[in-house]
Amino acid sequence: MKRKLALITMLLVLLQTAAACGEKPNDTPVTDGGTTEAVETEADVFAGLADKTYNGREFNFLIRETEYDDYYIEKETGDVLDDAVYRRNTEVEQRFDIKINPISINGAWSNRDNYLGAIRNSVMAGSGEYDLVDGYAGIIGGLFTDNICMNLWDVPNLRFNEKWWSALVADELTVNGKLYDMTGDLAINMWSNLHAMYFNKRMIEDYGRTSPYDRVNNGTWTYDAFLSDIKDVSKDLDGDGNKTEKDQWGFLVYDSIALDNLHNAFDIPVSKTGADGFPTFDLQNEKLIGTVEKITALAFENPDSLYMKQGNPNIIADSRGIFTSGNAMYFADTLAACTAMRDSNTDFGIIPLPKYDEKQEGYYTSSRDGRTMFVIPNDVKDVDYVGLITEALAVASHKYVIPAYYDVTLKTKAARDDESAAMLDIIRDGLKLEFVAEYQAQTGGGGFSIRICMQNNTTEYVSMVASNLNNYNASLESFLEAYK
């Protein structure tokens, strides 16, 4: 009986303790002086930034029409991503007492001359019209040789070594101490444009293939393993004797850009750094030539590969439709497809592009050139102010927007399993950009030589490069004047 009473007493004490632990604690502990001090429950998002306010000054942000919602939302909508963008902007505005002024412009490729002209004219007039510019990656380099953009290393308050920027990108695009454009977590489209690979889980199982997840994790997800998987998968489903988009395929890709990205996945650059620290083309080395042969063979010669050549205005949606209907084992697309296909009845997984071979250390990829690369015009009135607010927006994006996009939109809504969510981390960590490809429009197209070869429906890469190399080199040399 005594033991039972002691046990009951002990249980009562434990229950009282547990109840006390369940109560909301007092967040104001007493100091030695008998007064109380508040405990900060969340780290300051803007820690390390200058504690300045600007009396409601406007921050003029030039934004492409197609990317507007990534950077500015008028009010909360209940959508997780929209609300994260709104919170980011609101917190920056309140902390620094500023007002973000979004200026929308048609920044499409078809309107590129007018888009670049608006920025150029503002700087030439010295009007200071724009503080920060959402630059279309594929064309923004056209401003560099005109002394339109600031060297971002000269802008106070920007901290490119921090995780909300990409230190790898900063290093690759800096030449002779000059960096004119940059990207990071402030640009959602940087991540949504990352190239990835999707696979049909049912077909992998039906054909007795090894789990792609296992291959990625044990380092055996290589190009040869990929080719082995897609072999003998294609079928003439409609029985018309022709293999078309209505049939079954081992591999599906909708344009040469995704195929070109294989050389990034294989960690084989198309340039190298010269003794003077400046990039030069390296388009004729044996490993690259061998890689081009692999890529063109996959596009033009592999009977299990459907290469959807450009020309169809709905080519992306149509290609995704082929995959979501269950008629392709593997599909090369961007991370944006993850959300676009989330209502599919086809159960799919997401993995990085394959490695060149098992000796390759990591899995790599690139991001399509419709993404944002930020530039700061040379005529800004207060460079310290512009640097501070740009950095604050980047920090707050890392804190609020990227988790909303990456963790909620991708991992929760779209990714069908925990393995896919883990693969997204690998894909994101493998981002690569290359100087001559980033500015291919300004360097004669040499950085896209593989793509050009495929767009011309030719496997004669070596002769094509040989006939164009002088032009590539001359264009690159002219562009590099902006860095000398």
Checklist outcome for this item: Checked against (1) touching a helix residue (DSSP H, G or I) at 6+ places or on another chain (Cβ under 7 Å); (2) free of Cβ contacts under 8 Å to residues at least 60 places away in the same chain, W191 satisfies every condition except (2)
Checklist outcome for this item: A careful count of residues in the range 363-408 that are farther than 23 Å from L431 by Cβ, part of a helix (DSSP H, G or I) and charged (D, E, K, R) gives 1
Item to check | Candidates D229, D247, D236, D240, filtered to the one that is under 29 Å from E358 (Cβ atoms) and acidic (D, E) | outcome: D229
Item to check | Entirely in the range 37-130, the helices (runs of 4 or more DSSP H) that have 3 or more residues that are over 25 Å from G142 (Cα atoms) and in contact (Cβ under 8 Å) with a residue 60 or more places away in the chain | outcome: 80-96
Checklist entry - Which of the residues that make up the range 130-147 are crowded, with 23+ Cβ neighbours inside 10 Å and either of a type in the set (A, V, I, L, M, F, W, C) or more than 23 Å from the chain's Cα centre (by Cα) (or both)? => result Y130, D131, L132, V133, A137, I140, L143
Next on the checklist: For the structure I just gave you, tell me whether W221 is touching a Pro at 6+ places or on another chain (Cβ under 8 Å), of a type in the set (F, W, Y) and assigned by TED's automatic domain parsing to the domain that holds G444.
Outcome noted: yes
Checklist entry - Of all residues in the range 433-458, which are farther than 12 Å from F281 by Cα and crowded, with 18+ Cβ neighbours inside 10 Å? => result L433, E438, Y439, A441, Q442, I450, R451, I452, C453, M454
Checklist entry - Tell me, which residue of the range 270-287 that is in a loop (DSSP other than H, G, I, E, B) and in contact with a Gly (Cβ under 8 Å, 6 or more places away or on another chain) is surrounded by the most Cβ atoms within 10 Å (Cβ to Cβ)? => result V270
Checklist entry - Tell me, which helices (runs of 4 or more DSSP H) wholly within the range 148-237 include 2 or more residues that are of a type in the set (K, R)? => result 201-206
Checklist entry - If you check L152, L237, L194, which single one turns out to be in contact with a Lys or Arg (Cβ under 8 Å, 6 or more places away or on another chain) and either crowded, with 18+ Cβ neighbours inside 10 Å or charged (D, E, K, R) (or both)? => result L194
Next on the checklist: For the range 428-466, give me each residue that is in a loop (DSSP other than H, G, I, E, B) and either closer than 22 Å to E301 by Cβ or without any contact (Cβ under 8 Å) to a residue 12 or more places away in the chain (or both).
Outcome noted: N456, N457, T458, T459, E460
Next on the checklist: Cβ contacts < 7 Å: first residue within 20 Å of T458 (Cα to Cα), restricted to the range 238-262; second residue of a type in the set (F, W, Y) and part of a helix (DSSP H, G or I), any location; separation 6+ or different chain. Result?
Outcome noted: L252/F323; D260/F448
Checklist entry - Do we have L424 as touching a Leu at 6+ places or on another chain (Cβ under 9 Å), outside the structural domain of M341 (by TED's automatic domain parsing), crowded, with 18+ Cβ neighbours inside 10 Å and farther than 19 Å from E172 by Cβ here? => result yes
Next on the checklist: Go through (1) in the same structural domain as L262 (by TED's automatic domain parsing); (2) in contact with a Phe, Trp or Tyr (Cβ under 8 Å, 6 or more places away or on another chain) for A336 and report which single condition fails.
Outcome noted: (2)
Checklist outcome for this item: Taking the range 246-269 and keeping residues assigned to a loop (DSSP other than H, G, I, E, B) and crowded, with 18+ Cβ neighbours inside 10 Å leaves D247, Y254, D255, N261, F266, I268, P269
Item to check | Failed item in (1) closer than 30 Å to D418 by Cβ; (2) in contact with a helix residue (DSSP H, G or I) (Cβ under 8 Å, 6 or more places away or on another chain); (3) of a type outside the set (K, R); (4) surrounded by 24 or more Cβ atoms within 10 Å (Cβ to Cβ), with V375 passing the rest | outcome: (1)
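The values are calculated or read from the model by the stated rules, or taken from the named source; none is laboratory data. Everything numeric in this text was worked out from a predicted model, so none of it was measured. As a convention, Cβ positions derive from the backbone with ideal geometry for all residues, glycine included, and neighbour counts pool all protein chains shown.
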